[in-house]
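Asks: Supplied in structure tokens, the structure appears directly below.
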Amino acid sequence: MVSQADAPLVNALKECSRRQQAVFYAPGHKGGRGISSLQQTVFGQQIFQVDLPELPELDDLFAPESVILAAQTLAAEAFGAEQTWFLVNGSTGGIEAAMLALCGPGDEVIVPRNAHQSVLSGLILSGAMPVWVAPSYDPQWQLCLGVDVDTIAATLRQHPHAKAVVVVSPTYEGVCSDIAGLATLAHGYGIPVIVDAAHGPHFAFHPELPTAALEAGADVVIHSAHKVLSAFTQAALLHVQGQRCDRARLHQALRIIQSSSPNYLLLGSLDAARHQMANQGALLMERTLKLAQSARRQLQDIGLPVLDASAVGIFQQDLTRLTVDVSVLDTTGFAADVWLHERGVTAELPTLHQLTFIISLGNSMGDIDQLVHGLQHLPATEAVSKSQLMLTLPVAGTSPREAFFADAELCAVEDAIGRLSADTVCLYPPGIPNLMPGEVITAGIVEMLRLAQTVGAHVSGLVDPTLQKFRVLRVDD
Ligand SMILES: Cc1ncc(COP(=O)(O)O)c(C=O)c1O
């Protein structure tokens, strides 16, 4: 019987890496023997020794029966799921696969407008039609606060045949929705709740963190283990419980979405991250919460507003996320981000008025001191009124999938207004689409993108970065 003290996949990798063999399989570096001195300097030799393929001892991600199965079973137990899949293409792949598993062409799916672009990709892949809902919004903080149960209840009354409800919880800023309320509601209609909990894999490990989505009754939950745990970038987890998601179809979808050569560094790092959290998670989270609390207190002491659930009416908040309003210093989040980065303090997410910092098990009190010191000395640059960078509910002209496959043409911005976009355009980060294929390009959206660029936001998905031209759907003569 394996226990949480074991790390079956990590151990198998260790064993295999020690074996002396004449190697005639991929990858071509053959356990690091073929690497260059440049690779040696940057990556070190050792990492290549565990960059192994699907050897008989290392199981098969797409038909697991030994060490991967054991590692995934331990992860399911640790995170509170019935079944867990390791993902090598981030939460992005997990979200896409979940949508492919649960929705088909023409099906309606309830999606909040603050959904990540992977949800849109899931819509394109599956052919499902989004029923957009607006998350509640705080005008002072200019932030999406999560999805209200009442909003989803009203939407479900209008769309009782929807196939699933998608929720982003927590958001980038650590704002959580009432997943238990949403799950009870959706289950009353016989449909599952998919929770994009990319930013919340740590919740199950400390009572002062928000309720984990699985504990609250979500059917499918996706975690980016790389965002706040110690797994390698791109390593993520997909968890399922109950019978509302067809697991065979989900398994198929994961096969379609992911590489046929899954990276064992990522898979092994998921086993190791689970091992770390299962054995030391409570302690590590206690320490992380203390660091965040110290930063929060010091920033408030110097007069910087920090997002606070009790003041804003957030259902639950991940207190290890620190969202700081820098507009009180007459600067923008983007300008502050550049200034701080040049001084060795780098935030996760700049927005027009704020900076969001991730505090995780990898941070120290020294980091917090630097953060507070940096913010304390932030210079004023320009005052930007609390304004226009809001999410708006789109006017959809056609389904994301039809729009994706339709003929498109390049068009001057004046002529593009009122026509349907062929592209996904979003501020990145956070990667929440402002314009999706099939949605009407409005003057308001163009103005918002211009403003975002002016103040230093990175706008991704534009064919013409100067915003003079847009790709639009061709109209039949
Ligand atoms: C809310 C949200 N969901 C999903 C993703 C995708 O996660 P990954 O980078 O693991 O693919 C992100 C990435 O930033 C995100 O912010």
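The values are calculated or read from the model by the stated rules, or taken from the named source; none is laboratory data. The model shown is predicted, which means the values in this text are computed figures rather than measured ones. Every residue, glycine among them, receives a Cβ derived from its backbone with ideal geometry; neighbour counts consider all protein chains shown. SASA here: full protein model, heavy atoms, side chains in, ligands and nucleic acids out. Shrake-Rupley method; radii C 1.70, N 1.55, O 1.52, S 1.80 Å.
Asks: Determine which member of the set T151, T92 is open to solvent by 20 Å² or more (accessible area, probe 1.4 Å), modelled with pLDDT of 95 or more and within 15 Å of the ligand (Cβ to nearest atom). I'd like the intermediate steps shown before the answer.
Replies: Numbers: T151 fails: within 15 Å of the ligand (Cβ to nearest atom).
Matching residue, one of T151, T92: T92.
Asks: I've got another one for you. So, in region 1-44, exactly how many residues are polar (S, T, N, Q) and either within 24 Å of H275 (Cβ to Cβ) or touching a Lys or Arg at 6+ places or on another chain (Cβ under 8 Å) (or both)?
Replies: Here is the first cut: in region 1-44, the residues polar (S, T, N, Q) are 3-4, 11, 17, 20-21, 36-37, 39-41.
Subsequent filtering for residues that are either within 24 Å of H275 (Cβ to Cβ) or touching a Lys or Arg at 6+ places or on another chain (Cβ under 8 Å) (or both) retains 3-4, 11, 17.
Residues in region 1-44 being polar (S, T, N, Q) and either within 24 Å of H275 (Cβ to Cβ) or touching a Lys or Arg at 6+ places or on another chain (Cβ under 8 Å) (or both): 4 in total.
Asks: Take the residues in region 302-326 that are hydroxyl-bearing (S, T, Y) and crowded, with 20+ Cβ neighbours inside 10 Å; name whichever of them is nearest to A292 (Cα to Cα).
Replies: Among residues in region 302-326 that are hydroxyl-bearing (S, T, Y) and crowded, with 20+ Cβ neighbours inside 10 Å, the one nearest to A292 (Cα to Cα) is T320.
Asks: Would you confirm whether or not region 423-431 contains a residue that is over 22 Å from L143 (Cα atoms), in contact (Cβ under 8 Å) with a residue 12 or more places away in the chain and open to solvent by 10 Å² or more (accessible area, probe 1.4 Å)? Show your work before the answer.
Replies: Within region 423-431, the first condition is being over 22 Å from L143 (Cα atoms), and the residues that meet it are 423.
Among the residues that remain, those that are also in contact (Cβ under 8 Å) with a residue 12 or more places away in the chain are: 423.
Now restrict to residues that are open to solvent by 10 Å² or more (accessible area, probe 1.4 Å): 423.
Yes, region 423-431 contains a residue that is over 22 Å from L143 (Cα atoms), in contact (Cβ under 8 Å) with a residue 12 or more places away in the chain and open to solvent by 10 Å² or more (accessible area, probe 1.4 Å).
Asks: Of the residues L265, L284, which single one is within 16 Å of the ligand (Cβ to nearest atom), within 28 Å of L13 (Cα to Cα) and either modelled with pLDDT under 95 or open to solvent by 10 Å² or more (accessible area, probe 1.4 Å) (or both)?
Replies: L265
Asks: To continue, here is another question. With the requirement that a residue be crowded, with 18+ Cβ neighbours inside 10 Å and within 20 Å of Q354 (Cα to Cα), what does region 432-458 give you?
Replies: I432, P433, N434, M448, L449, A452, V455, A457, listed by residue number.
Asks: Look at E65 and say whether it is in a helix (DSSP H, G or I) and open to solvent by 20 Å² or more (accessible area, probe 1.4 Å).
Replies: In short, no.
Asks: It is to be established whether one or more residues within region 12-19 are at pLDDT below 95, under 30 Å from F205 (Cα atoms), open to solvent by 50 Å² or more (accessible area, probe 1.4 Å) and assigned to a loop (DSSP other than H, G, I, E, B).
Replies: no
Asks: Here's something else I'd like to know. For S259, work out the one condition from (1) within 16 Å of the ligand (Cβ to nearest atom); (2) surrounded by 17 or more Cβ atoms within 10 Å (Cβ to Cβ) it doesn't fulfil.
Replies: Answer for S259: the failing condition is (2).
Asks: When only residues in region 344-382 that are part of a loop (DSSP other than H, G, I, E, B) and of a type in the set (A, V, I, L, M, F, W, C) count, which is surrounded by the fewest Cβ atoms within 10 Å (Cβ to Cβ)?
Replies: Residues of region 344-382 that are part of a loop (DSSP other than H, G, I, E, B), as a first pass: 344-348, 351-353, 359-364, 377-382.
With the extra rule that they be of a type in the set (A, V, I, L, M, F, W, C), the set shrinks to 345, 347, 352, 359, 361, 378, 380.
Details: V345: 19, A347: 24, L352: 22, I359: 25, L361: 21, L378: 19, A380: 10.
Of everything passing the filter in region 344-382, A380 is surrounded by the fewest Cβ atoms within 10 Å (Cβ to Cβ).
Asks: May I ask you to list the residues in region 405-414 that are under 15 Å from D464 (Cα atoms) and touching a residue at least 40 places away in the same chain (Cβ under 8 Å)?
Replies: A408, E409, L410, C411, A412, V413
Asks: Quick one: how many residues across region 186-208 are away from the ligand (no atom under 16 Å from the Cβ) and either open to solvent by 40 Å² or more (accessible area, probe 1.4 Å) or in contact with a strand residue (DSSP E or B) (Cβ under 8 Å, 6 or more places away or on another chain) (or both)?
Replies: Looking only at that region, the number is 10.
Asks: A further question on this structure: Tell me, yes or no, whether region 33-52 has at least one residue that is of a type outside the set (F, W, Y) and open to solvent by less than 10 Å² (accessible area, probe 1.4 Å).
Replies: For region 33-52, residues of a type outside the set (F, W, Y) and open to solvent by less than 10 Å² (accessible area, probe 1.4 Å): absent.
Asks: If you check every pair at least six apart or on different chains, which have Cβ atoms under 6 Å apart with a residue in region 209-233 that is open to solvent by 20 Å² or more (accessible area, probe 1.4 Å) first and a residue that is within 16 Å of the ligand (Cβ to nearest atom) and hydroxyl-bearing (S, T, Y) second?
Replies: Listed by first residue and then by second, the contacts come to H226/T233; F232/S269.
Asks: I'm checking my understanding of the structure. Among residues of region 95-113 that are assigned to a helix (DSSP H, G or I) and within 11 Å of the ligand (Cβ to nearest atom), which one is nearest to S269 (Cα to Cα)?
Replies: Result: I95.
Asks: For region 114-123, state whether one or more residues are in contact with a helix residue (DSSP H, G or I) (Cβ under 9 Å, 6 or more places away or on another chain) and either assigned by TED's automatic domain parsing to the domain that holds N434 or more than 16 Å from the ligand (Cβ to nearest atom) (or both).
Replies: no
Asks: Consider region 82-128. How many of its residues are within 20 Å of L61 (Cβ to Cβ) and among the polar types (S, T, N, Q)?
Replies: Qualifying residue count, region 82-128: 6.
Asks: Moving on. Quick check: is even one residue across region 79-86 more than 16 Å from the ligand (Cβ to nearest atom) and either at positive phi or hydrophobic (A, V, I, L, M, F, W, C) (or both)? Can you show your working first?
Replies: So the first thing to find is which residues in region 79-86 are more than 16 Å from the ligand (Cβ to nearest atom), and the list is 80-83.
After this cut, where a residue has to be either at positive phi or hydrophobic (A, V, I, L, M, F, W, C) (or both) as well, the list is 80-81.
Looking through region 79-86, at least one residue is more than 16 Å from the ligand (Cβ to nearest atom) and either at positive phi or hydrophobic (A, V, I, L, M, F, W, C) (or both).
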